[in-house]
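J.: Below you'll find the structure I mean.
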Amino acid sequence: MTTVDIATVLQEADLVVTCGPGGVGKTSTAAALALAAANSGRRVIVVTVDPARRLADALGIDGSAKSHDPSEVIGATSHPTGSLWALMLDAESTFDRLITDRAGDAKRAQTILANPIYRSIAGSLGGAQEYMAIERLHQLWSSNEFDLIVIDTPPSRHAIDLLGAPDRLVTFFSHPIYRIIAAPGRSFARVTNAGSATFLWVVRKLAGPKVVEDIIEFFRSLSGMEAGLRQRAAEASTLLRAKTTAFVLVSSPRAEAIDEAAHLADALRDGGFPLRAMVINLVHPTPASIDGEDIPADLAPGPLADQFALYRDLTALAHDEAIEMDRLRDLADDVALVEVPLIDDIHDLDGLAELGTHLLLNAHVDLA
């Protein structure tokens, strides 16, 4: 199989998804890839679902201001056809827009939006937020406004949940409990006394009948939108596995990060998600060799001894990282592998551009 480099991935992909452990520079990598694609002439949007909001700081966007609409990053590129846009995902507003678009009429939409169970799910339930991230991706993709969408996912274990959200929604609508609750014509008593809806009986005992009524009303209100939601979930699932989608797995040389990266790489391949590149970020450079005699072992305490001790520590660290990176090289197999050196904290467009340069130039490409 021929492996392409990251520059080619950015030109050919419609969707790039960065994923990996926490604390490895994944968010910055997503933004740097998006900026590089914009500088090549593409209209690009980068979306983060990372609650730390680091991407907002790097792009000069107010992360505290939730907006459903993308913001153009002014001055990001001078390319005549390229542009960079950014979006901080707000799952609750995405959920509201989905309900408004799919409810069929304003009155029904308002009934759903005002339902206490809906408000609880839209605002806090993790599974709903994961699905809404994918729903927002579907909205951006179907709008055809952008040549490339770059998604920054949460740390690896949450990323797996996010990627599986469309499949879980389809399964949910097929579950017998949902069928019973949403079935028209069933009275409150018949639903709550049904054997397969025992959990609602428990809720009624613990929280009272009003909560159960809200639950039933919420699921029944969804029933009319079920076909549309199921279709969109299936389309999102197909999009995440499409040939024009590229997953970029980001790690660091730390042993614990590599363990998580290995787990995620297996999950991506098992799930049929196209892994196209791996990035080893935050790599410490190997210090240059010291010419002449060996470092004296009996130096008196002082600045010179401290410098030699630092040299030994950095050399040992680089050596240990090189050994750990061999595991990632084996994991990479037939995908592009990029090693990015440790650079200063990235907090602006210049820093992202520097990171992008490393990502595009430091690829190890197998053209077998």
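The values are calculated or read from the model by the stated rules, or taken from the named source; none is laboratory data. Remember, it's a predicted structure, so these values are computed and weren't measured experimentally. Heads up, the Cβs are rebuilt from the backbone with ideal geometry, glycines too, and the neighbour counts pull from every protein chain shown.
J.: Which count do you get for residues in region 1-28 that are under 13 Å from the mean Cα position of the chain (by Cα) and more than 19 Å from PHE146 (Cα to Cα)?
T.: Here the count works out to 8.
J.: From LEU349, LEU264, grab the single residue that is at pLDDT 85 or above, surrounded by 14 or more Cβ atoms within 10 Å (Cβ to Cβ) and more than 20 Å from the chain's Cα centre (by Cα).
T.: Result of the check over LEU349, LEU264: LEU349.
J.: Another question, then. Is there a residue being assigned to a helix (DSSP H, G or I) and of a type in the set (Lys, Arg) anywhere in region 237-249?
T.: Within region 237-249, not a single residue is assigned to a helix (DSSP H, G or I) and of a type in the set (Lys, Arg).
J.: Here is a further query. Which of the residues belonging to region 288-305 are modelled with pLDDT under 75 and either surrounded by 10 or more Cβ atoms within 10 Å (Cβ to Cβ) or not charged (D, E, K, R) (or both)?
T.: ALA288, SER289, ILE290, GLY292, ILE295, PRO296, ALA297, LEU299, ALA300, LEU304, ALA305
J.: When only residues in region 38-61 that are out of contact with any Asp or Glu (no Cβ under 8 Å at 6 or more places or on another chain), of a type outside the set (A, V, I, L, M) and at pLDDT below 65 count, which is surrounded by the most Cβ atoms within 10 Å (Cβ to Cβ)?
T.: Ranking the candidates gives ARG54 first.
J.: Could you please let me know if ASP259 is free of Cβ contacts under 8 Å to residues at least 12 places away in the same chain, of a type outside the set (Ser, Thr, Tyr) and under 21 Å from GLY23 (Cβ atoms)?
T.: For ASP259, the condition - free of Cβ contacts under 8 Å to residues at least 12 places away in the same chain, of a type outside the set (Ser, Thr, Tyr) and under 21 Å from GLY23 (Cβ atoms) - is met.
J.: Among (1) over 22 Å from LYS26 (Cα atoms); (2) modelled with pLDDT of 85 or more; (3) of a type in the set (A, V, I, L, M, F, W, C), there is one condition ALA109 misses while meeting the rest; what is its number?
T.: (2)
J.: For LEU35, which of the numbered conditions (1) surrounded by fewer than 24 Cβ atoms within 10 Å (Cβ to Cβ); (2) modelled with pLDDT of 90 or more fails to hold?
T.: Only one criterion in (1) surrounded by fewer than 24 Cβ atoms within 10 Å (Cβ to Cβ); (2) modelled with pLDDT of 90 or more is unmet by LEU35, namely (1).
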